[in-house]
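Notes to accompany the following structure.
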Amino acid sequence: MSHEQNNVLYVVATPIGNLKDITFRAVDVLSGVDLVVSEHVRKTRNLLKHYCIQTKVLSYREENAMRVAPQVLEALEAGRAVALVAEAGTPGVSDPGRRLVEAAMNAGFTVVPVPGASAVVAALSVSGMDDPRFVFEGFLPRRSARRRKRLQELVLDTRSLVLFEAPHRLLDCLRDMMTVLGDRRCLVAREITKLHEDIVKARLSTLIDRYTSSQPRGEFVIVCEGSTAVPVAEVTDRALEEAKALVRSGMKKHKAARTVAKQYGFKGSDLYEMMMAEARDGRKGDVA
């Protein structure tokens with residue numbers, strides 16, 4: 001190993017399924033570093049064995065991150081080169097590795113990306129969505145109420161929405177998406193690059209029917225088209241009119257604001273303030 005490689009944390013992308021989806025450079029780095037820090041030791045050792053790499057592997061997970069991170073920094077301080085890998089794909093995106101990267105940078109060490117496989121980019125590349133922009137949310141909250149709340153915050157976003165989801169939560173997630181986002185077009189990619197890879201693009205209603213009759217298995221990436229709704233200002237005006245109609249029917253302003261805001265993904269307090277501001281402007285107009 002050359003001197004330039006010492007004191008460096010390499011962030012190395014590894015295959016998300018097919019072991020051939022690794023770069024020549026990644027194999028060289030994993031062979032040449034002193035230590036590989038991995039989110040999933042067994043999978044990493046299988047990968048290293050496949051390429052006849054004998055580098056030592058150290059476990060680094062959510063549960064032991066606080067204890068292991070100082071060990072990694074000590075290794076870097078001692079002049080060693082370290083590679084960080086995720087369970088699969090690119091580290092530091094939706095895994096505990098991002099905190100180790102930050103710690104290494106804050107300590108003054110060089111952090112070098114070694115790009116490669118990414119489930120997010122792989123799913124986007126075959127999604128055929130009209131808008132090339134996207135927002136990556138990772139895993140949505142596990143509880144339905146919190147999941148719907150987060151989706152409501154994204155309901156007017158025109159960018160494609162990219163999610164990860166576990167098989168036992170997939171159907172509930174799709175149903176919540178249908179409730180909050182409407183019957184949008186989505187691509188659901190299962191087990192990308194693996195033996196049982198399955199990629200389907202359809203409306204959410206069709207996908208719900210599909211996974212109701214066929215139990216989801218494996219790891220999923222969802223790419224959902226962004227909002228094609230009317231402009232935000234128009235939606236705001238509509239919500240304001242609906243809230244005012246409820247007030248005219250006898251409902252208190254606070255309750256009317258909360259009721260309508262929930263349907264449109266607004267904060268009740270924001271809609272209430274808009275109602276009050278309009279009322280104040282109306283009174284000023286009467287005086288004038």
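The values are calculated or read from the model by the stated rules, or taken from the named source; none is laboratory data. As the structure is a prediction and not an experimental result, all values here were calculated from the model. Every residue, glycine as well, gets a Cβ built from its backbone with ideal geometry; the counts of neighbours run over all protein chains shown. Protein only, heavy atoms only, side chains kept; ligands, DNA and RNA dropped before computing areas. Shrake-Rupley method; radii C 1.70, N 1.55, O 1.52, S 1.80 Å.
For the chain, the list of Cys residues with no other Cys C-beta under 4.7 Å reads Cys52, Cys173. For Gly92, the residues whose modelled amide H falls within less than 5 Å of its own, excluding neighbours fewer than 5 places apart on the same chain, are Gly97, Arg98. Phi-derived couplings, Karplus 6.51 cos²θ - 1.76 cosθ + 1.60 at θ = phi - 60°, listed residue by residue for the stretch 83-92: 10, 9, 10, 8, 4, 6, x, 8, x, x Hz, with x used for Gly and Pro. Amide H contacts of Val112: Leu9, Tyr10, Val11, each under 5 Å away and 5 or more positions distant or on a separate chain (H built 1.01 Å from N in the peptide plane; Pro and chain starts excluded).
The simple spin-label model puts a point 7 Å past each Cα toward its Cβ; for His254 and Phe139 those points are separated by 3.7 nm. For the stretch 160-209 and the stretch 1-70, what is the separation of their C-alpha centers, rounded to whole Å? Each part reduced to its Cα centre gives a spacing of 31 Å. Once C-alpha pairs closer than 8 Å and six or more residues apart are averaged by separation and normalised to the residue number of the chain, the relative contact order reads 16 percent.
Here is how the number arises for the chain: DSSP H runs of 4 or more residues each give -39500 (n - 2.57), the sum is divided by the residue count, and the result at 222 nm is -14500 deg cm²/dmol. Accessible area of the chain with a 1.4 Å probe: how many percent of it is carbon plus sulfur? The computed percentage sits at 51.
Expressed to the nearest 5 percent, the antiparallel share of DSSP beta bridges inside the chain is 45 percent. Near the amide H of Ile199, within less than 5 Å, lie the amide hydrogens of Arg190, all on another chain or at least 5 residues away, with H placed in the peptide plane. How tilted is helix 232-248 with respect to the longest principal axis of the chain? Cα atoms for both, answer in degrees (0 to 90, nearest 10). The answer is roughly 50 degrees. Restricting the stretch 54-83 to GluC sites (Glu not before Pro) that sit in a DSSP loop and have at most 10 other Cβ atoms within 10 Å of their own Cβ leaves Glu62, Glu63.
Helix 144-154 and the longest principal axis of the C-alpha atoms of the chain enclose an angle of approximately 80°.
Using Cβ point charges alone (K and R +1, D and E -1), the dipole size of the stretch 1-73 about the Cα centre works out to roughly 300 debye.
Phi angles of the stretch 17-29 translate, via the Karplus equation with coefficients 6.51, -1.76, 1.60 and θ = phi - 60°, into HN-Hα couplings of x, 5, 5, 7, 7, 9, 7, 4, 5, 4, 4, 4, 5 Hz per residue; Gly and Pro are given as x.
Residue by residue, the stretch 211-226 carries 3J(HN,Hα) couplings of 8, 6, 8, 10, 4, x, 9, x, 9, 10, 10, 10, 10, 10, 4, x Hz when phi is fed to the Karplus relation 6.51 cos²θ - 1.76 cosθ + 1.60 (θ = phi - 60°); x denotes Gly or Pro. Connecting C-alpha atoms closer than 10 Å in a GNM of the chain, tell me which of Leu246, Leu76, Leu154 has the biggest fluctuation. Comparing Leu246, Leu76, Leu154 in the GNM, the peak value goes to Leu246.
Solvent-accessible surface of the chain, taken per residue with a 1.4 Å probe and all protein chains present: 55 Å².
Seen against the Cα atoms of the chain and their longest principal axis, helix 268-287 is set at about 40 degrees.
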